[in-house]
Amino acid sequence: MNNKKTTALLLFAAATLGASAQTPQEGGIHHDNVVYTQERMALTVSSTAPATAVVGSTISYQWYRNGHPIPDATAITYTVPVDLAVNCNQKFQRKATVSGTECDGPAEGWSNEVEVSFCEQWSGSGSSARCARCAGNDVFCEEAGGTWIGTTCWAKFNVGEFRVLSADHTHDSARLYQFNRGTAYTATGTLDPAWDGSAVASFDWSATLDPCPAGWQVPSPEQFTELHNSSDPVGGFWAAAAETPVMGNPVPGKFYGPRNRECSLTRNGGDMVGCIFLPAVGWRSTAVSAVTRSHNGSTWVFGNWSAGQLHQPNAFGRYWSNTMTDANHARALVFNVSSSTPNHSGTTCSSCPAAANNCDNTAACTSRTFKLYAYSVRCVRSPGR
């Protein structure tokens with residue numbers, strides 16, 4: 001009986017994997033068991049020989065990517081969809097399970113691994129070709145703690161302390177930053193350190209004050225726009241506490257990327273290919289006195305905020321870009337359960353009734369992105385920094 005199980009295993013172990021690029025382009029450069037192909041190209045990974053089973057048994061397949069099972073990838077071959085044709089050094093492997101034999105329990109066998117790098121730019125040609133996008137100063141995105149979405153390598157976690165990425169998505173690990181300043185403020189409980197209410201310089205975010213670690217930087221408005229538009233649905237998928245058992249998010253926030261409804265921080269050991277999670281940390285404001293606005297017999301009161309007061313935790317995510325709007329405002333990604341604005345200029349007060357007299361002249365407005373407010377920071381890869 002055991003000979004049947006051994007036979008199935010040995011026959012499968014002799015199989016090797018290959019990869020072939022499908023439309024829109026054909027080919028790909030193969031050497032050293034590595035396939036280099038253009039990014040955003042569908043790729044079929046297959047075995048040159050299927051597993052062989054004894055009479056009366058059946059074979060089932062499961063494909064793995066970087067050691068994690070790929071949902072619904074249970075055929076003899078697996079085609080990487082275009083929206084998942086991202087990242088370098090991706091390892092694919094197939095497991096075959098032979099069942100229905102007279103053996104005790106199923107027999108399993110693994111193919112060898114095939115490594116695939118989805119590239120945007122080439123370096124060299126033929127057997128010397130390499131993925132230029134992942135070479136030189138640009139450490140492989142995943143090895144550096146990031147994931148590709150579109151044309152941008154995004155960090156998997158927010159910035160915690162200055163030049164350090166957080167280890168998780170909890171508010172305790174999060175830190176908030178004023179625009180173009182390197183001071184890290186706590187996102188929970190008592191404000192620490194003391195609030196800086198002095199005017200912020202009228203510049204875009206400088207490299208010396210960029211809170212991202214070496215090799216990373218604060219995103220541009222265009223990168224936030226690409227992230228917003230790449231999602232399905234556009235604008236990301238809000239995951240509240242109810243989604244935690246499936247999505248794995250410890251706090252409310254949004255999943256962005258082409259697979260934002262399928263990703264999980266915990267399922268199958270973490271399935272975040274083509275996704276990032278942005279926690280709704282909230283934000284801190286500068287000190288603002290109470291402001292009253294009246295119109296047609298109605299009265300609105302805004303402000304009365306203390307220096308560094310925390311607003312809207314678990315309800316809003318506000319993430320700085322590296323670009324200012326004017327001397328007092330900067331652009332940011334702003335989202336909540338029902339909306340996502342990737343290039344928010346922050347110069348008008350949509351949270352104030354339009355009829356309220358002189359509404360836009362007050363800092364006591366939650367929809368304006370004043371540089372003195374403290375927001376979250378999520379970094380993107382920057383090889384030159």
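Just so it is clear, none of the values below were taken in a lab; they were calculated from the coordinates. Here the structure is a predicted model, which is why all the values come from computation and not from measurement. Cβ atoms come from the backbone with ideal geometry, glycine included; neighbour counts cover every protein chain shown.
For this structure, a couple of remarks:
- FRET efficiency for T266 and S338, using Cβ-Cβ distance with R0 set to 22 Å, rounded to 0.05: 0.30
- Segments 176-189, 251-264 sorted - mean Cβ within 10 Å per residue, highest first: 251-264, 176-189
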